[in-house]
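Note sheet for the following structure.
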């Protein structure tokens with residue numbers, strides 16, 4: 001039974017007390033965003049300048065995320081995983097991920113409504129805030145960190161962790177390597193992240209097949225384009241009209 005079906009039954013039963021409705025949920029969503037685990041992993045690799053990024057498992061392309069930004073700035077997420085690659089459908093995956101994200105909004109808005117009703121009734125407010133819950137230990141026990149302290153420590157650990165050393169053969173195009181594809185799709189930017197899926201040689205200008213992930217579009221496959229170790233190497237090697245045919249280079253190298 002869907003949320004709207006339940007709301008219809010509540011209305012049919014003549015219930016009029018304050019409650020959270022599907023319309024309230026939708027009105028509280030400021031924006032929504034979708035991406036696959038593969039897209040997220042590749043974007044993270046580009047932003048962190050990881051030159052030793054390994055090939056991505058196919059399973060990451062079957063995992064869809066939905067991020068809903070609420071009007072107060074809080075975010076909730078939903079996921080949708082496909083067991084059989086043959087059954088994967090991007091639109092269905094986004095719909096299911098959104099349903100799972102919406103399901104997390106109900107208890108949040110329910111808690112908020114209940115707090116408002118309690119305040120009207122003169123009940124004492126609950127100390128603390130939801131985003132910084134602290135567990136009070138028994139006498140003599142070691143205090144546990146709050147959720148915000150735990151998240152801050154985790155973020156610092158990730159930030160301070162050294163990146164893996166550059167591998168000796170970084171200049172060789174290999175399957176699974178993250179590259180920047182230039183001059184292929186013009187939709188606000190002519191550079192897009194991509195992943196090498198097939199290699200036809202080694203060294204500067206080796207031909208590769210690349211799955212490209214352009215902004216606001218479905219992934220594209222580009223066949224037999226040259227790959228270079230850096231932006232500078234590509235710029236020096238490619239001149240004239242051949243630039244429009246598309247080429248790839250390892251990101252953040254020049």
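Bear in mind that the values in this text are calculations on the coordinates, not laboratory data. This is a predicted model, so every value here is computed, not measured. A quick note on method: Cβ atoms are made from the backbone with ideal geometry, for glycine too, and the neighbour counts reach across all protein chains shown.
Data for the structure
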| item | result |
| --- | --- |
| Label point distance in nm, residue 217-residue 1, each placed 7 Å from Cα along Cα→Cβ | 4.6 |
| Packing rank of 89-96, 226-233, where each peptide gets the mean count of other beta carbons within 10 Å, highest leading | 226-233, 89-96 |
| Potential extension, residue 9-residue 117 segment - 0.36 nm per residue separation minus Cα distance | 36.6 nm |
| 88, 74 arranged by Cβ crowding within 10 Å, fewest neighbours leading | 74, 88 |
| At q = 0.10, 0.18, 0.20, 0.23 Å⁻¹, base-10 log of I(q)/I(0) for the stretch 3-123 (Debye sum, equal scatterers on each alpha carbon) | -0.46, -1.00, -1.12, -1.26 |
| Inter-probe distance in nm under a simple model that places probes 7 Å from Cα toward Cβ, at residue 77 and residue 33 | 1.1 |
| Burial ordering of 31, 45, 8, fewest other beta-carbon atoms within 10 Å first | 31, 8, 45 |
| Difference of contour (0.36 nm per residue) and Cα-Cα distance, residue 86 to residue 60 | 7.9 nm |
